[in-house]
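Inspection log for the structure reproduced underneath, given as structure tokens.
What follows draws every value from the coordinates through simple rules; no lab data is involved. Predicted, not measured: the structure shown is a model, and the values here were computed from it. All Cβ positions, even for glycine, are placed from backbone atoms using ideal geometry, and neighbour counts span all protein chains on display.
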Amino acid sequence: MRKYTPTFLAVILFSVFSLSLAQKLTFWHYWDGANGQVLQNLIDQYQEENPGITIEAVFVPGSELVSKLQTAIAGRQTPTMAISDLVAMPFLTSSGALVALDDYISESNVDMSDYFAGPLVYGLRDGKRYSLPVSASNLALFWNKAIFAEAGLDPDTPPETWEELVEMAQIIKEKTGKWGYELFTQGGEGTSWQWQVFLWNKGGDVLSGDLSSPAFNSEAGFEALQFWVDLIDEYEVSTVAPWGLFGRGEAAMVMDGSWMTQFFPMQVNFELGSAVFPYPEGGEIATNMGGEQIFIFNTDPETQQAAWNFIEWFSSTPVQVEWDRGTGFIPIKESVANDSTYIAWVKNARPLLLPFVESMPYANPRPPVTKYPQISDTLANYIVEALYGRMSPQEALNTAAQEAAPLLR
Amino acid sequence: MTLSRPQVHNEGRAKRPTFMRTFKNLPIALFFLLPTVVILGTFNFYPALYSLYLSFFEWNGVSPKRPFVGLDNYQRLFSSSEFWNSLQVTVIYAAAMTVAALALGMIVAVLLNQDIRGRALYRALYFLPVITPTVAAGVVWKYLFDPSQGVINRFLAGSGITGPSWLTDPSWALVAIVIVGVWKRVGFNMVVYLAALQGVPRIYYEAAQLDGASPWQRFRFVTLPLLAPSTFFLTVTALIDAFQVFDLVYVMTQGGPLKSTDVIGYYLYRYGFRYYELGFASAIAYVMFALIFVVTLIQFRLSRGGAQGEN
Amino acid sequence: MKTNPLRSVLTHLLLLTGAFISAMPFLWMVTTSLKPAGVLYQAPLLIPTYFEWSNYVEAWKAAPFPRFFLNSAIMTIGITLGQTLFSAMAGYAFARLRFPGRDVLFFLILGTMMIPFPVTLIPSFLIIADLGWLDTYQALIVPRVVSAFAIFLFRQFFLSIPQELEEAALIDGANRVVIFARIILPLSTPVMAASAIFSFLFAWNDFLWPLIVTNSTEMRPIQVGLAFFQGQYGIFWTLLMAATVLATIPAILAFLVAQQRFIEGITSSGLKG
């Protein structure tokens, strides 16, 4: 490596030189298209307000961001800060490469009690906080108004309970021949995180309170999975098919994410509505939650401080209002969700988003454990076994729990 | 030059050179191989060995904790029913895809090596699948395989056959993946065969024709033996690729339904990149490697050094 | 020999069917790229009836594509030249020279094709980081200028060239390097064209490695640009397909150029007779 010493020296000299003049921070994210543009605009605004600070936002495709961070951490070539999908946070905090934010938070104006509880379970390790939520998304019901009308149903009244959902779906199937409700039957995270909503609807949970053992193989779980099986076999309003029936107008209702309030209107040729996802009579309103967290990598105190200053600014309510209006992300803080300009924007510009914003207090996080992806896949595999009639719901969930248990030790 | 019959020359078979003679060739061989050895040594051999080393550890790729676990990863692998399922799926895929794509590639190449109208256009069209990005290809094939809307089942319905629900039927999903794999490979095989067919001296055909050989006989006794080195090359590389197939499965079925398309490449991806088990994924990679290596060695043995066709 | 007209019709019918199946997904790509987003899910799927050319404009503007094309071109040319030359050299050594350890080395090289690339990602990245090559063209090109696949392809081709051609030259006192450059390479245009097109496609479509070793947008190749349309939250199909069609054009052109070499042989391969 001797040969490369001059290069290293040059890099160090350059860094020292540039530090004395100005600070350059790099920021890796996966916000594409319009979202990336909104971020850039906000960064430009921040740079204008803070001369001497340059933030270089680098887009990394979402499917590869974690791999890129993984190699960067292994090679000690990390950016100043980055975001990630919240599910990857337990993995990222295991690296020891992130900066604990507790001291920064306590010395700043960031009010942790203003945040929705759900996203805050991520980014914690050994009692310290390593990341802050910056955006959220969640799930709710979409329905096809044209199919509702065709079936003689009121196109503006979605089901509020599972029972109504079944009733309407059966009328639709009978009158139009189209599927009443589209289930995600292909396994993986898609099946898992949608099913978790039904589990919570029934009052169940994915893991035990201390995250040490599976809890989905409960009475609530059996009933939730039985409901899925019944939608296919008993009520015959759903089918096992590749995902996308709703988008093509072949199914009347579907559970999908808040981001689809942007995509569906662009891509489908029918009118659609959205609503808080139905719950069983005597059950609970619930939704699942996605979103991003922001974090800083270990460098020197000045750079870390500069990165924190940006995060503090980015997390402030006025900036978050602008961010959520620009991107359609769901607010992560109550002060944003209750902000009058934000609410006015949703009502006027993106009414489909309203049920998602209203669902946020009922948004449960997926368990913040490192092995979540594997537990989730295992759960999804056995859900699919039950949907294909290979196992009873009890048998499926008990087997899944048996396989998942060792992953939590 | 005497060319009484098609003959492929394999240096080193006819006369056994002495050690001194082979040693004498070393400097010149080094010259020809230097770039290869330097680049592959640095950027392939070293990382490959490093990953072998990792297969004896439990590591997620970022954690400072990296406990040595000996052969645990391998033991876990061999006792996992998931692994044996993946192995079975992969072997079926590899065998079916390789054979079908080889036969079709050869047919297309032979047909397009004739003096027929539109030859250049045909070649370009048959090569399009190789160029078409996998994401786009996967998406469109998903449409084509759609049980009710898809072109394939509509066509079958037209012939009075009720098509299966391809991608959601555990007994058909792998067939669908094989079809797409073949679709993507035929053009590739065609190009290699076409390049090889250019090397077939015309005189062989002329001689065969003078002997009164039928077109089939000319194909069987002239073309086929002369294409043997290419066939060998294509079989070896197709199997190597097929054992590692990942992207088609990722785009089309995500290993499902019910793990019926959970090929080893996808299995490895899940553990390496979704479950962050780099040590275990490396063990999978090395078992895969051992398997492909043995299969390749057998092929070399059977074909005597990859120069098939010596009579 | 005269061709039977019936046989010729049948041949064309067969070839047309195959060609249609081969081209179908590509057709779909083009058709989708010309649709307004609102009719994405509607038939027709294969023959374009909409002509929303603005998709192309919009896609082109969504990312710094000229720069991405330039990077891809530099990377692809470097890799293709390197792989063709170095692999021909190595293939020749393996086909024609007997030297100690030849077979072992050959199998080691073949073996590199059998290790799934993703598991070597971290160590490969560490080497590039240690060399200080992150975010440079070296990082994109140098590790990939040798291809085991191409070496194997050339070896198989050279094995099928009659050895008599060289023996005469060897007796005349020519050395191996001269023989390789003067006799072997000129004979190898078809296989060089085949190898070059594969190298080209490999380099042009490579995604993960360029993404991992580049950090700035200025160094990214075209495939990373395509990822701009495959967002975390949804895929902009019409724009993605427009950008994909644009990104595919150079590959098609490369094939058309290379294919000249395959055709040429049939009329001018008298030498080999």
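In vacuo Debye scattering of chain C, one point per C-alpha: log10 I(q)/I(0) at q = 0.08, 0.16 Å⁻¹? With no solvent term, the Cα-only Debye profile gives -0.48, -1.27. Going 7 Å from the Cα of C:Leu256 along its beta-carbon direction, which residues of segment B:91-113 have the amide nitrogen within less than 20 Å of the resulting point? Under 20 Å, as judged by backbone N against the label point of C:Leu256, lies no residue of segment B:91-113. A straight Cα-to-Cα reach below 13 Å connects A:Lys128 with the aspartates and glutamates A:Asp102, A:Asp103, residues fewer than 8 places away in its own chain not being considered.
Listed by chain and number, the lysines whose alpha-carbon sits under 25 Å from that of B:Lys24, ignoring those within fewer than 8 places in the same chain, are B:Lys15. Of all DSSP-defined beta bridges confined to the protein assembly as shown, some 65% are antiparallel rather than parallel.
Here r is the Cβ-Cβ distance between B:Ser148 and B:Asp211 and R0 is 60 Å; the resulting FRET efficiency, rounded to 0.05, is 0.60. Structure remark: mean-square fluctuation, Gaussian network model of chain A, C-alpha springs under 10 Å; the largest value among A:Ala396, A:Ala380, A:Ala74 belongs to A:Ala74. Largest first and in whole Å, the equivalent-ellipsoid semi-axes of the protein assembly as shown read 51, 35, 26, each the square root of five times a Cα gyration tensor eigenvalue. Scanning chain A for GluC sites (Glu not before Pro) in DSSP loops with at most 10 neighbouring Cβ atoms within 10 Å leaves A:108-280 as the longest stretch between them. For chain A, relative contact order (Cα pairs under 8 Å, six or more residues apart, normalised by length) works out to 24 percent. Among the DSSP helices (H) of chain B, those spanning at least 30 angstrom by Cα along their long axis with an average Kyte-Doolittle hydropathy of 1.0 or more are B:81-112, B:173-198, B:278-302; this is a geometric and hydropathy rule only. Helix A:340-349 and the long axis of chain A differ in direction by around 50°, with both axes built from C-alpha atoms. Shown is the FRET efficiency for C:Thr49 and B:Ala95, computed with R0 = 56 Å from the Cβ-Cβ distance and rounded to the nearest 0.05: 0.85.
The stretch between A:Asn338 and A:Arg248, if pulled fully straight at 0.36 nm per residue, gains 28.9 nm over its current Cα-Cα span. Considering only A:Ser106, A:Ser238, A:Ser137, the Gaussian network model of chain A with Cα springs below 10 Å gives its largest mean-square fluctuation to A:Ser106. Helical content of chain A, expressed as a calculated mean residue ellipticity at 222 nm, amounts to -14000 deg cm²/dmol (DSSP H runs of 4 or more residues, -39,500 (n - 2.57) each, divided by residue number, nearest 500). Computed from Cα positions, the angle between helix A:33-49 and the longest principal axis of chain A comes to roughly 30 degrees. R0 = 35 Å: FRET efficiency of A:Glu234 with B:Trp84, Cβ-based, nearest 0.05? For A:Glu234 and B:Trp84, the calculated efficiency is 0.50.
The relative contact order of chain B comes to 29 percent, based on Cα pairs under 8 Å that sit 6 or more residues apart. For segment C:111-126, putting each phi into the Karplus relation 6.51 cos²θ - 1.76 cosθ + 1.60 with θ = phi - 60° gives couplings of x, 5, 6, 9, 8, x, 3, x, 6, 9, 4, 5, x, 5, 5, 4 Hz, in residue order, rounded to whole numbers and with x for Gly and Pro. Candidates C:Phe152, C:Ile74, C:Pro116 compared by Cα position along the dipole of chain C: farthest toward the positive end lies C:Phe152, with charges placed on Cβ. Here the Gaussian network model covers chain C, with springs between Cα atoms less than 10 Å apart; of C:Thr49, C:Thr248, C:Thr31, C:Thr49 fluctuates the most. Near A:Thr299: Cβ cut-off under 15 Å, other residues only, Lys/Arg at +1 and Asp/Glu at -1. The net charge is -1. So who's got an amide H within less than 5 Å of the one on A:Ser84, skipping anything under 5 residues away but keeping other chains? H placed 1.01 Å off N, in plane. Answer set, sorted by chain and number: A:Gln293.
Excluding same-chain neighbours fewer than eight residues apart, the aspartates and glutamates reachable from A:Lys173 by a Cα-Cα span under 15 Å are A:Glu150, A:Glu164, A:Glu182, A:Asp230, A:Asp233, A:Glu234, A:Glu236, A:Glu250.
Using the Cα gyration tensor of segment B:19-107, with a ≥ b ≥ c the square roots of its eigenvalues, what is the shape: rounded (a/c below 1.5), prolate (a/b larger than b/c) or oblate (neither)? Verdict is oblate for segment B:19-107.
Residues whose amide H comes within less than 5 Å of that of A:Thr54, counting only those at least five positions distant or on another chain, are A:Gln23, A:Lys24, A:Leu25 (H built at 1.01 Å from N in the peptide plane). Take each residue in B:112-118, count the other chain C-beta atoms within 10 Å of its C-beta, and the mean is 4. Using the structure shown, select from A:Lys145/A:Lys178; B:Lys142/B:Lys184; A:Lys202/A:Lys371 the pairs with a Cα to Cα distance greater than 18 angstrom. Those over the limit are A:Lys202/A:Lys371.
Among C:Ile151, B:Ile116, the ranking by other beta carbons within 10 Å of each residue's beta carbon, starting with the fewest, stands as B:Ile116, C:Ile151.
Angle of helix A:219-233 to the longest C-alpha principal axis of chain A, folded into 0 to 90 degrees and rounded to 10: 60°. Classified by the C-alpha gyration tensor, chain B has an oblate form. Its axis ratio a/c, with a ≥ b ≥ c, is 1.5 or above, and a/b does not exceed b/c.
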